[in-house]
Amino acid sequence: MSTTSDRAGVAKDYYGILGVSRDAGPDDIKRAYRKLARELHPDVNPDPGAQEKFKEVNAAYEVLSDPRKREMFDLGGDPMASSGGMAGGSPFVDFQNIMDAFFGTSAARGPRPRTRPGADAILRLELDLDETAFGVEAPITVDTAVLCTTCGGAGSAAGSHATTCDICGGRGEVQAVQRTFLGQVISARPCAACQGFGTVITHPCATCGGDGRVRTRRSLTVKIPAGVEDGMRIRLAQQGEVGPGGGPAGDLYVEIAERPHDVFSRKGDDLHCRVTVPMTAAALGTRLTIKTLDGEEAVEVRPGTQPGATLRIREKGVPHLRGAGRGDLFVHLDVRTPTKLSADQERVLREFARARGEEVAELSKHGGFFSRMRDAFNGH
C-alpha cells in the first residue's frame, strides 16, 4: 500500500486512519468518519491523545471525500502537506466536513451563478360559461421580466465585464472562526461585497441596472380547451419570468375564473336550471321550450307532474375535458300555484275539487276554517 509522509517524515495512511480499504466508496468513507468523529471529538472524549487523533481523522476525511485530493493521494502526493489542514496541526475543525458527514449535504461551496432560472407567474382569466364549455382563444396581457436587449442578460455596460471580487478572491464566500458545541469551527458565509457571486459588475447596464432583465408588458393568446372548470390552471411553458442574468424563463399559469351564468349553474360537466310551470300545466301536461348552450330544446312535461320534479336532457351539458361526450342538462320544475283567483275561477276550481271528492273549507269574512274549528271546541 502506498503511503505519503507528513512534515515530521512519519508515513501517513489516510485509508488506515479511517479504517477503510482503498476501493471504499463515498458512503463507506462517510460512515467511517462519523463513527470515529463521535468517539474522538474533544467535547466527548477528554483524553489528550484524542484531539490529535481527531485532527488526523478530519484530515483523512478531507482528503478521501474530495475526488481531486484523493486522486492526488493515490498518486503518491499529500494534499494536506501544504494546505495547512488538519495533518499540519491546525487547531480548527473544518465545519463544512462536519456538516457534510453528519447531515448529508450542506451549503454549496463556491460562488453562486449570476444566471439563474426565472420564477413562475400566474394570471387570473375570467371567462363566460359558453367559453369554458366550448373553448376559446383568449388574448391576455402579462407583466413579467424579460431579457434585457441592451446587455443580452450580462448585466454589464457595453465594453465592460464583471471582475473578480477583491474581498473573497472569486470564491463567493468568506470564512469565519467561531466556538460551538463542536469546539472551534470554521464556517463560511456569502461575501457581502459581491453577494456571493464571486464577481463584481463595476459598470452595470444602464437599462437593467445589472440584473440582466427588465419588466415589460406583453400580449399573448392562450388557447382554452373545451370543458375547463373554474379554478383550473393552464400552463404556458417558459412564458413566465426570465431569470436573473438572462436565465431561462419560468412558466406562466393561467387560472380559469368562470363567471356566474344568469340561467345555468354548473356541477362538473352537468348543467342545472329552474323553470316555473303553472299548476294547470303540471296537472294537464304541456310542452316547454328550454334554452340550452346549443340553442332551444323542446321537452315534455307529463300530466300529473309534481313540484320539484326534474327533467333530464342528455348530452346538453358541458363537453368532457378529457374524452368524448358531454354532460347532461337537468331542468328542475317549480309548480306555481295562483295567488289570486277571480270569482269564476274560484267557482270552477271548487267544482273541480268536489268532483274529485276533495272538500275545501271556505273562508268567510267572519273567520276562516281554523276560526270555526276553535268555535266548535268552545261550544259556540
Within the range 53-71, find all residues whose amide N lies under 20 Å from a label point positioned 7 Å from the Cα of residue 13 along Cα-to-beta-carbon. 53-65, 70-71
Computed lengthening from residue 347 to residue 189, 0.36 nm per intervening residue step minus Cα-Cα distance: 47.3 nm
Of the listed pairs 223/291; 267/316; 223/267; 12/69; 30/69; 223/316, those with alpha carbons more than 18 Å apart are 223/291; 223/267; 223/316
Considering only DSSP beta bridges whose two residues both sit in the range 265-336, what percent are antiparallel, to the nearest 5? 65
Tell me which aspartates and glutamates have Cα within less than 13 Å of residue 35's Cα, excluding those fewer than 8 residues away on the same chain? 27
Return the FRET efficiency for the residue pair residue 203, residue 296: r is the Cβ-Cβ distance, R0 is 56 Å, and the value is rounded to the nearest 0.05. 0.20
Grab the Cα-Cα distance for residue 50 and residue 134, subtract it from 0.36 nm times how many residues apart they are, and report the gain in nm with one decimal. 22.6 nm
Residue-wise HN-Hα coupling along the range 327-339, computed from phi with Karplus coefficients 6.51, -1.76, 1.60 (Hz; x: Gly, Pro): x, 10, 10, 10, 9, 9, 9, 9, 7, 9, 9, x, 9
Apply the Karplus curve 6.51 cos²θ - 1.76 cosθ + 1.60, θ = phi - 60°, to the phi angles in the range 209-222 and return the couplings in whole Hz, x for Gly and Pro. x, x, 7, x, 8, 9, 8, 8, 9, 10, 10, 10, 10, 10
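Every number in this text was worked out from the coordinates using simple rules, so none of it is lab data. The structure displayed is predicted, hence computed values, not measured ones. Methodologically, a virtual Cβ is constructed for each residue, glycine included, from the backbone with ideal geometry; neighbour enumeration extends over all protein chains shown.
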